[in-house]
1. Tally Lys and Arg at +1 and Asp and Glu at -1 over the other residues with C-beta under 12 Å from the C-beta of residue 175: what net charge comes out?
2. Counting Lys and Arg as +1 and Asp and Glu as -1, what is the net charge of the other residues whose Cβ lies under 12 Å from the Cβ of residue 142?
3. Under a crude label model (7 Å from the Cα following the beta-carbon direction), how far is residue 136 from residue 185 in nanometres?
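Just so it is clear, none of the values below were taken in a lab; they were calculated from the coordinates. Small disclaimer: the values here were computed from a predicted structure and weren't measured. Every residue, glycine as well, gets a Cβ built from its backbone with ideal geometry; the counts of neighbours run over all protein chains shown.
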Amino acid sequence: MTLRPRAHHKLASIAVAKPLAIALFAAVGMTQPANAIPQYCIDYYPICGIVLGVAGGGSITVQDGEAQFSLFATTTTFEAEDDGEVVEAVTVGQVRWMASGDGDGSLLLESTTVEDYGPNPDVENGRIIRGALAVNGDGEYPFVVHAEANPISGELPDLVEIRVGDAVEGVTGTGFEYSAEGPLVTGDLQLL
């Protein structure tokens, strides 16, 4: 069986795409090992790295102060050449969230895995990122991020929401719960 990227994932310029993909991965501090990406994805690296993704960062106002974040996620699907059946989806990404509080100190959330990424069916220009993250360097808790990148700068603010541990719908018993949401005060989200 020969695999190829889905037709809508093709890029016009491989010479531009590969350096851009490398820069995006480096900018978000990708920690996933290279061997986590299948060889056929490496063969199509310029396509796998930047198509159908979201990237950005900034700050929002939270209850006890401010939170800064950066995020990047993308999923590329591959299909068999003979019948067009989707046989593999490769998701990569990174989420970092830093919140300062009044009496509790600061909170650092860093993804350890990004398991799922895709459009939010309920929100135009919305994206959903799911995975697991560490809290202040410890543990592994489920998370979901909802990001909304409004395409016209200044018209409507970009929005971001994060839910971690027991704050994730359907999750209980993790021993940790955190959620925050709001419009970006500084920064930007871009759909790739």
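1. Details: positive: none; negative: 138, 140, 166, 177.
Net local charge, residue 175 excluded: -4.
2. Working: positive: 130, 163; negative: 115, 116, 140, 166, 169, 177.
Charge balance near residue 142 sits at -4.
3. 2.2 nm
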